[in-house]
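J.: Let me begin by handing over the structure; questions about it come next.
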């Protein structure tokens, strides 16, 4: 722990003791007294990762936003809904918005499904068209 007089050694011991969290309170006596965590030599060894994390998150958001498109669905919109069991897309109509990105969709066979907007696609054209859902989906994805 280094040399020095007995007073220096005692001061160092008390400094570390007062910065150690107590088992009952879960906080150190110095934090309870001063309302903040006092920096020690160990704190200087641990790198500050907060700024790096914020930078990486901002970079990731920037890259995502360059390719992301806002999808806006309203009540009574004709949509294609993904069947989560077999992955097929079924025609339906948005009947209610339950959250910022969740919707209740009524299918043509009167079933209702709650889906996230990631599992909805806009459907265009007349509803009584003879075009199959798979053909509509192919046409929809070929535009993108």
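J.: Within the range 9-37, which residues are in a loop (DSSP other than H, G, I, E, B), surrounded by 10 or more Cβ atoms within 10 Å (Cβ to Cβ) and modelled with pLDDT of 90 or more?
T.: Of everything in the range 9-37, those that are in a loop (DSSP other than H, G, I, E, B), surrounded by 10 or more Cβ atoms within 10 Å (Cβ to Cβ) and modelled with pLDDT of 90 or more turn out to be 19, 20, 21, 22, 25, 27, 28.
J.: Given 75, 101, 94, which one is in contact with a strand residue (DSSP E or B) (Cβ under 7 Å, 6 or more places away or on another chain), modelled with pLDDT of 95 or more and over 30 Å from residue 15 (Cβ atoms)?
T.: Exactly one of 75, 101, 94 is in contact with a strand residue (DSSP E or B) (Cβ under 7 Å, 6 or more places away or on another chain), modelled with pLDDT of 95 or more and over 30 Å from residue 15 (Cβ atoms), namely 94.
J.: Among the residues in the range 119-127, are any over 25 Å from the mean Cα position of the chain (by Cα), exposed (fewer than 11 other Cβ atoms within 10 Å of the Cβ), part of a loop (DSSP other than H, G, I, E, B) and modelled with pLDDT of 90 or more?
T.: So in the range 119-127, the residues over 25 Å from the mean Cα position of the chain (by Cα) come out as 123-127.
Within this subset, residues satisfying the condition of being exposed (fewer than 11 other Cβ atoms within 10 Å of the Cβ) are 124-127.
Cutting the leftovers down to part of a loop (DSSP other than H, G, I, E, B) gives us 124-127.
Now drop any that are not modelled with pLDDT of 90 or more, which leaves none.
Within the range 119-127, not a single residue is over 25 Å from the mean Cα position of the chain (by Cα), exposed (fewer than 11 other Cβ atoms within 10 Å of the Cβ), part of a loop (DSSP other than H, G, I, E, B) and modelled with pLDDT of 90 or more.
J.: Right, next: For the range 39-85, how many residues are more than 25 Å from residue 99 (Cα to Cα) and outside the structural domain of residue 19 (by TED's automatic domain parsing)?
T.: Qualifying residue count, the range 39-85: 0.
J.: Quick check: is even one residue across the range 56-72 surrounded by 10 or more Cβ atoms within 10 Å (Cβ to Cβ) and either in contact with a strand residue (DSSP E or B) (Cβ under 6 Å, 6 or more places away or on another chain) or within 30 Å of residue 19 (Cα to Cα) (or both)?
T.: No; the residues of the range 56-72 include none that is surrounded by 10 or more Cβ atoms within 10 Å (Cβ to Cβ) and either in contact with a strand residue (DSSP E or B) (Cβ under 6 Å, 6 or more places away or on another chain) or within 30 Å of residue 19 (Cα to Cα) (or both).
J.: Scanning for something farther than 30 Å from residue 16 by Cα, in the same structural domain as residue 17 (by TED's automatic domain parsing) and surrounded by 10 or more Cβ atoms within 10 Å (Cβ to Cβ), does the range 93-101 turn up at least one residue? Even if it seems obvious, please write down each step before you answer.
T.: Our first condition is that a residue be farther than 30 Å from residue 16 by Cα; within the range 93-101, this holds for 93-101.
In the following step, the residues that additionally are in the same structural domain as residue 17 (by TED's automatic domain parsing) were identified as none.
No, because not a single residue in the range 93-101 is farther than 30 Å from residue 16 by Cα, in the same structural domain as residue 17 (by TED's automatic domain parsing) and surrounded by 10 or more Cβ atoms within 10 Å (Cβ to Cβ).
The values are calculated or read from the model by the stated rules, or taken from the named source; none is laboratory data. As the structure is a prediction and not an experimental result, all values here were calculated from the model. Positions of Cβ are generated from backbone atoms using ideal geometry, with glycine treated the same way; all protein chains shown enter the neighbour counts.
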